[in-house]
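The values are calculated or read from the model by the stated rules, or taken from the named source; none is laboratory data. Since the structure is predicted, the reported quantities are computational estimates derived from the model, not experimental observations. A quick note on method: Cβ atoms are made from the backbone with ideal geometry, for glycine too, and the neighbour counts reach across all protein chains shown.
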Amino acid sequence: MLQFFDWFWKAIGLTQKLGIPENNSFQGFIDYFWKTWMAEGKTSTAILLFIGGIVFLIVVPYLLGSLNGAILVSKYIYHDDIRNHGSGNAGLTNMGRVFGKKGAILTLVIDIAKQFVSVLIGIVLWGEVGAYLAGLFCMIGHIAPVFFKFKGGKGVLTAAVMILMIDYQVFLIAFAIFALVVLISRYVSLGSVIAGFALPGIVWLLSAIRGRPAHPFALFFAVLIGLMLILMHRSNIKRLYEGNENKLSFKKKKKPEEDTNSSGEEKSGKEKKKK
């Protein structure tokens, strides 16, 4: 998306039409805008707009991220709470395990949409840096949603959408690593952890191949996102070590209350028939 935005910006040639003596990328236009305001003595206005822009790129994406798809779908479609079932994680994989493909698809649509809007806002307001900042806080909102007692998902999908929109080549390599690990091991958590660990290296390697140094912000956010993904999977890492981690399966499982009564004891055959 960021590359497309730059291509579109160059295609319309607005910088040339405005007579801006900067490179004609969208990021170049934003940089020129701030430099001009500062040079014209509008320092205080520029600073206020700068601070306001940062606050906006933190608050709005965080609130969007807090609209956790798994919790919303389980609550309003299935009248339940996904956090009470399976691994207890309000994420795509657990939704697929507990509520099946329909629940997973609805979750997927919501979580992709909120991150898409967040990163798009970031690109429009502040280019690449804004995209990373907005995407990061949408991811944080997904992990710790203010609307749902700060207990959400692990942020894998929101991180993936953000990376895809900013640099699709980084996404393709990271996704290939994730898919290969999951295909071999059938552990989604292991694929997520390894892809997150590899992310900074992918950003650095691609920059080297392209013949230019990696953008400091790109490396910083890649390290931060990778660390967050690893940290959010710490319980999965422990289960992997102990050999208790669930393998990938989208077969809908019976929820605990379907086989147990309110005291947690297994229902008798007659009770199951009545139900």
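Assorted remarks:
- The residue that is nearest to LEU63 (Cα to Cα), counting only those in segment 85-144 that are out of contact with any helix residue (DSSP H, G or I) (no Cβ under 8 Å at 6 or more places or on another chain) and in a helix (DSSP H, G or I), is ALA113.
- Yes/no for ILE225 being farther than 15 Å from GLY135 by Cα and in a helix (DSSP H, G or I): no
- Flag for SER74 being buried (at least 17 other Cβ atoms within 10 Å of the Cβ), of a type in the set (Ser, Thr, Tyr), assigned to a loop (DSSP other than H, G, I, E, B) and at pLDDT 70 or above: no
Yes/no per residue for (1) at pLDDT 90 or above; (2) under 25 Å from VAL182 (Cβ atoms); (3) within 28 Å of the chain's Cα centre (by Cα):
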| position | (1), (2), (3) |
| --- | --- |
| LEU206 | yes, yes, yes |
| HIS233 | yes, yes, yes |
| ILE237 | yes, yes, yes |
| ASN246 | no, yes, yes |
| PRO256 | no, no, no |
| SER263 | no, no, no |
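- Considering residues of segment 162-205 that are touching a Ser or Thr at 6+ places or on another chain (Cβ under 9 Å), in a helix (DSSP H, G or I) and not small (Gly, Ala, Ser) only, the residue farthest from LEU240 (Cα to Cα): MET162
- Which listed residue, of LEU157, LEU190, LEU106, is closer than 23 Å to SER74 by Cα and in contact with a Leu (Cβ under 7 Å, 6 or more places away or on another chain): LEU157
- Given (1) assigned to a helix (DSSP H, G or I); (2) more than 9 Å from the chain's Cα centre (by Cα); (3) crowded, with 23+ Cβ neighbours inside 10 Å, index of the condition GLY152 fails: (1)
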